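Participant: Quick one: the structure is below, and I'll ask about it shortly.
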Amino acid sequence: MGKTVLYLGISLDGYLADRQGGVGWLEGQRPSGSDYGYQDFYSRVGLVVMGYNTYRQVKEELSPGAWPYDGVPCLVCTHRPLQDPGVETVSGPPEQWLPAWKERVQGDVWICGGASLAGQLMEQGLIDEYALTVCPVLLGEGAPLFGPGRPTALLDLTECRTENGMVLLRYVPRRTDGMEPAPQGAQ
C-alpha cells in the first residue's frame with residue numbers, strides 16, 4: 001500500500017491561495033526548464049484527492065479545457081454532483097473513506113489540495129508525508145495551509161532541496177516509538 005502524501009506549493013508566508021482564492025501566483029515563478037520533481041512524484045501516484053475549491057481551480061485556472069490527471073482516479077471531497085469522467089465524489093470524515101481507497105489503488109495517494117481537507121487528515125494522523133514546495137512570494141493574506149486550532153504535530157525532515165529560488169521540503173510525522181525515520185532521498 002502506498003503513502004498518503006500532502007504535495008503542495010505554498011507561499012513563503014504559508015498560503016495556498018491568495019486573498020481572492022486564486023493560485024495564479026504559482027505561474028509567476030521563473031521558469032527553469034525543470035518540473036521540480038513533479039513527474040517523478042506523479043509517476044508513483046495511484047489516486048488524486050482534493051477538495052472542491054482545488055477541483056474548481058484546476059478546472060478553471062490551472063488547466064482549463066484539459067483534465068491533467070487523466071488515467072488516474074480522482075476523488076473530490078464535496079456534496080456537489082460532478083460530471084467528469086474519472087472523478088468521483090466523497091463526503092464525510094476522511095478516516096471513513098480514505099483507508100478503503102488506499103487498499104483499492106496501486107501507488108501513493110496524492111492530497112493535492114484543500115486546506116480544510118489537509119487539516120482533517122493531519123488531525124486524524126492520516127498523512128504519511130508532507131512534501132511542500134515553498135515559492136518565493138509573500139501573499140500577505142489568503143487561504144493558509146494550516147489554520148488556527150490545529151493540534152501540534154512533530155515532524156522529521158527527510159529532504160530539503162532548492163531549485164530556482166524554490167525550496168522543496170519533505171517531512172514525515174515523528175515516530176513515537178523512538179525509531180528514526182528512514183531517509184528518503186535526503187540531500
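The values are calculated or read from the model by the stated rules, or taken from the named source; none is laboratory data. Predicted, not measured: the structure shown is a model, and the values here were computed from it. Positions of Cβ are backbone-derived with ideal geometry, glycine not excepted, and every protein chain shown enters the neighbour counts. The accessibility values were calculated without ligands, DNA or RNA, using every heavy atom of the protein model including side chains. Shrake-Rupley method; radii C 1.70, N 1.55, O 1.52, S 1.80 Å.
Participant: Which value, in debye to the nearest 20, describes the size of the charge dipole of region 1-119 about its Cα centre when Lys and Arg Cβ atoms bear +1, Asp and Glu Cβ atoms bear -1, and nothing else is charged?
Facilitator: The dipole of region 1-119 has a size of about 140 debye.
Participant: For the chain, modelled as a GNM with alpha-carbon contacts under 10 angstrom, which of Cys135, Cys160, Cys74 fluctuates the most?
Facilitator: Result: Cys160 has the largest fluctuation of those listed.
Participant: Each label point is 7 Å from the Cα along the Cα-to-Cβ direction; what then is the distance between the points at Met1 and Ser116, in nm?
Facilitator: 2.6 nm
Participant: I'd like the distance separating the alpha-carbon centroids of region 1-60 and region 95-117, in whole Å.
Facilitator: Taking the Cα centre of region 95-117 as reference, the centre of region 1-60 is 16 Å away.
Participant: Could you check the spin-label model distance between Trp67 and Ser43? Points 7 Å from the Cα along Cα→Cβ, value in nm.
Facilitator: About 2.5 nm, to one decimal.
Participant: Principal axis extents for the chain, Cα atoms only, whole Å, descending order, please.
Facilitator: 46, 39, 34
Participant: With springs connecting C-alpha atoms under 10 Å apart, model the chain as a Gaussian network and identify which of Trp110, Trp97, Trp25 has the largest mean-square fluctuation.
Facilitator: Trp97
Participant: Now for a separate question. Extension gain Ser34-Glu95, at 0.36 nm per residue separation less the Cα-Cα distance, in nm?
Facilitator: Working it through step by step, the gained length comes to 18.4 nm.
Participant: Sticking with this structure for a sec: Relative to the present Cα-Cα distance, how much length would full extension add between Gln20 and Glu88 at 0.36 nm per residue of separation?
Facilitator: 21.8 nm
Participant: So which GluC sites (Glu not before Pro) in region 69-161 are both in a DSSP loop and have at most 14 other Cβ atoms within 10 Å of their Cβ?
Facilitator: Glu141
Participant: Now for a different question. Express the accessible area of the chain per residue in Å², computed with a 1.4 Å probe while the remaining protein chains stay in the model.
Facilitator: About 54 Å² of surface per residue is accessible.
Participant: Put +1 on the Cβ of every Lys and Arg and -1 on every Asp and Glu Cβ in region 1-64; which of Gly51, Leu62, Leu26 then has its Cα farthest towards the positive end of the dipole?
Facilitator: Farthest along the dipole direction, towards plus: Gly51.
Participant: Here is a follow-up. In nanometres, what is the gap between the two model label sites at Arg150 and Glu163, each 7 Å from Cα along Cα-to-Cβ?
Facilitator: Here the answer is 2.4 nm between the modelled labels.
Participant: Suppose we keep just the DSSP beta bridges with both residues in the chain; what percent of those would be antiparallel, to 5?
Facilitator: Just about 40 percent of them are antiparallel.
Participant: Run lengths n ≥ 4 of DSSP H only: what is the helix-derived mean residue ellipticity at 222 nm for the chain, with -39500 (n - 2.57) per run over all residues, to the nearest 500?
Facilitator: -4500 deg cm²/dmol
Participant: Taking all protein chains in place and a 1.4 Å probe, what share, in percent, of the accessible surface of the chain do carbon and sulfur account for?
Facilitator: That share works out to 51 percent.
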